[in-house]
Amino acid sequence: MTVNRLHKTYWLLLGGFFLVIAWVTTAPAQIGLNHFPAGAANLYEWRASLVNPSLGAYQHGAVEAGFKLMHLGFLDGNATAFKATYALVHLPRWLPHRLAFSARVQHFSGPLLQEFELGVALSRQFWRRFSLGVSLGVRNFSYNREAFDLVDPDDPVFAGGTSRWQPDVAVGLTYIGAAPLIIGVGVTHLNRPAVSLAGDAVRLTPRVHVGVAVHLGGSTVHGGGMRTEHTVAPRGFWQLYGEDVGLLQIGVGNQDAWLRGRLRVRGPVSIGYGFSYPVTGLAGATVGSHEAFVTYEFDRLRKVPPLETPPVEWNPFLPGISRIDVVPQYYTAANVEALDIFEKRLVREVSEELTPEQLARLNAYDLGVLDSSRVDRPFPFELEPVTLPEIGPEDSVRYSREYLRSLKRLRAALQQQEGNPDIVVIAPKTQRKRAALLEKELAEQQPDSAGVQAARPRFANPEDSLRWSRPVSLEELQKSEELVILRPQRVLFHIYPVLPEKLDPHWKLVIEDQQGRVVRTFTGTSAEQQVVAWNWRDSQGRIIEPGFYRYYIAWRDARGQERHSPARTIYARQLKRRIHIKVTRRFTTPEGDVNSIGIILNKSTSEE
């Protein structure tokens with residue numbers, strides 16, 4: 001119920017604002033009396049608080065002062081006898097309870113009278129979208145006695161003096177709706193101050209200032225105006241604003257068009273200039289003006305603290321160490337935080353067509369024993385590219401016809417392989433001619449493949465080459481093998497005692513899984529710094545499963561209560577690799593996606 005009521009109030013206020021705007025903009029246009037007009041919803045002009053005191057709640061601190069020269073009617077000798085000045089200061093955080101404070105001074109002088117105003121304003125935000133403001137001031141009207149001598153030298157109007165002081169009250173309301181919309185309403189001369197010296201018959205009527213601003217990126221479109229009981233002055237303007245440059249304003253009203261700008265010159269200082277030109281024709285009631293102003297923003301440039309250089313003999317200050325209550329206790333920390341479990345399973349399929357003599361020619365490369373199968377690369381050794389020699393027609397005569405027919409069968413099988421995998425011919429130095437022949441045969445028939453590359457195996461030392469090329473006993477050859485490698489093979493727990501002379505020498509290192517089940521326990525009987533090694537196996541001798549584990553030290557304090565050190569975490573992750581090797585006389589197309597195919601040349605018995 002409360003939410004619905006707030007929504008109804010929101011739309012009623014918004015609708016009321018638009019009704020007021022429509023009322024202002026559709027009424028007949030007449031002359032306005034404000035010497036420094038501004039948009040009632042313009043947050044980027046401090047003079048806007050003169051017509052809507054609630055805007056100060058959204059503006060930052062600044063001081064601004066300016067003057068204006070106005071020409072009324074035709075350009076004669078007294079055309080610029082009308083002058084106006086103003087000065088204001090805005091302090092948004094000067095008062096408690098999020099109140100913004102501003103003070104202003106205005107002065108107008110003409111051939112017949114002078115007008116002076118001194119006032120202050122208070123504003124405050126409510127619910128971040130609304131702000132209310134009130135302005136209190138005193139206004140003085142002073143008439144030029146000499147200008148009325150030709151009318152009546154003894155006019156009783158001036159019997160009580162030529163000036164009069166009157167209070168002046170104004171209120172304002174600002175609403176910030178959706179991201180691009182701002183609506184502002186201000187009412188000045190709310191108490192109808194009297195301007196006559198002979199009584200209270202002549203008064204200033206209240207003026208309603210309405211403004212609507214729609215933000216479009218770096219520019220803003222403003223609409224609205226001012227209305228009294230008998231006059232209306234609609235206004236609209238387009239404003240371009242830059243945080244580090246200033247603003248530019250182009251607008252038109254019912255009597256004139258104007259251009260006004262503010263340029264930031266240095267730090268917090270900005271200067272501005274503007275002029276207006278009549279749009280109703282050069283008649284006796286037309287008004288034009290030139291103005292200039294200067295602005296100083298308090299929040300634009302903050303004071304930098306002075307830099308103090310220490311003397312040459314200055315020494316660094318070392319504060320005393322605070323008292324820390326140290327109690328007897330144990331701490332533990334592991335030298336590693338993660339375990340990698342590599343599990344490799346090898347399955348072999350040996351064709352029945354192969355004779356024992358043919359199988360005896362195969363080595364660890366061909367049969368793929370587990371210690372020759374790597375986890376991080378497709379081949380069991382590192383490869384480096386080589387340049388093969390040129391081969392001519394006479395080179396193919398060195399090989400048997402059966403061998404050449406096997407190359408043709410291999411070429412036909414590779415043409416059936418999907419995905420166009422890379423073909424790598426791996427050959428030692430003694431088999432470069434043979435590798436060149438194979439490369440030529442495959443490259444001519446694989447124009448769409450990623451290419452045929454030649455490489456040779458590279459070993460860290462000669463012993464590795466002998467180990468990988470060693471023959472494998474057929475009696476030891478199994479259909480499947482499995483190997484588990486732990487990296488690192490063990491973890492070291494460092495036990496650190498604090499105040500060992502007051503500690504119970506009996507402690508217990510506990511390792512638990514995520515469910516809190518104890519995986520392994522180590523005990524000690526000495527209150528000295530020690531190291532405990534763990535081989536990643538539980539109390540039953542099995543390798544731990546992948547997951548998170550925590551460990552801590554448990555002991556008993558002087559009162560016999562069990563204490564625990566802060567628990568720390570170890571993570572175990574597992575990588576499984578399945579290797580399937582088919583040993584056949586002919587090349588068979590592998591199933592599934594294949595990235596590369598390696599052809600290893602390690603025998604030369606096929607030569608004539």
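The values are calculated or read from the model by the stated rules, or taken from the named source; none is laboratory data. Predicted, not measured: the structure shown is a model, and the values here were computed from it. Because the Cβ atoms are built from the backbone with ideal geometry, glycine has one as well, and the counts that use them run over all protein chains shown.
The table below gives the values:
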item	result
So Gly236, is it free of Cβ contacts under 8 Å to residues at least 40 places away in the same chain, within 17 Å of Ile182 (Cβ to Cβ), assigned to a strand (DSSP E or B) and touching a Gly at 6+ places or on another chain (Cβ under 6 Å)	yes
Lone qualifier among Leu404, Leu414, Leu410 - being among the hydrophobic types (A, V, I, L, M, F, W, C), within 23 Å of Thr588 (Cβ to Cβ) and without any contact (Cβ under 8 Å) to a residue 12 or more places away in the chain	Leu404
Matching residues, segment 496-512, being under 46 Å from the mean Cα position of the chain (by Cα) and at pLDDT below 95	Tyr496, Pro497, Val498
Leading residue by the ranking (surrounded by the fewest Cβ atoms within 10 Å (Cβ to Cβ)) among those in segment 500-533 that are of a type in the set (Val, Ile, Thr) and closer than 17 Å to Ala333 by Cα	Val531
Inter-residue pairs, beta-carbon under 7 Å, first more than 18 Å from Phe108 (Cβ to Cβ) and in segment 122-141, second among the basic types (Lys, Arg) and outside any strand (DSSP E or B), 6+ apart	Arg124/Arg98; Gln125/Arg98
Matching strands (runs of 3 or more DSSP E) fully within segment 468-540 where at least 2 residues are hydroxyl-bearing (Ser, Thr, Tyr)	518-524
Failed item, numbered, when Val531 is tested on (1) in contact (Cβ under 8 Å) with a residue 40 or more places away in the chain; (2) touching a Leu at 6+ places or on another chain (Cβ under 8 Å); (3) not charged (D, E, K, R)	(1)
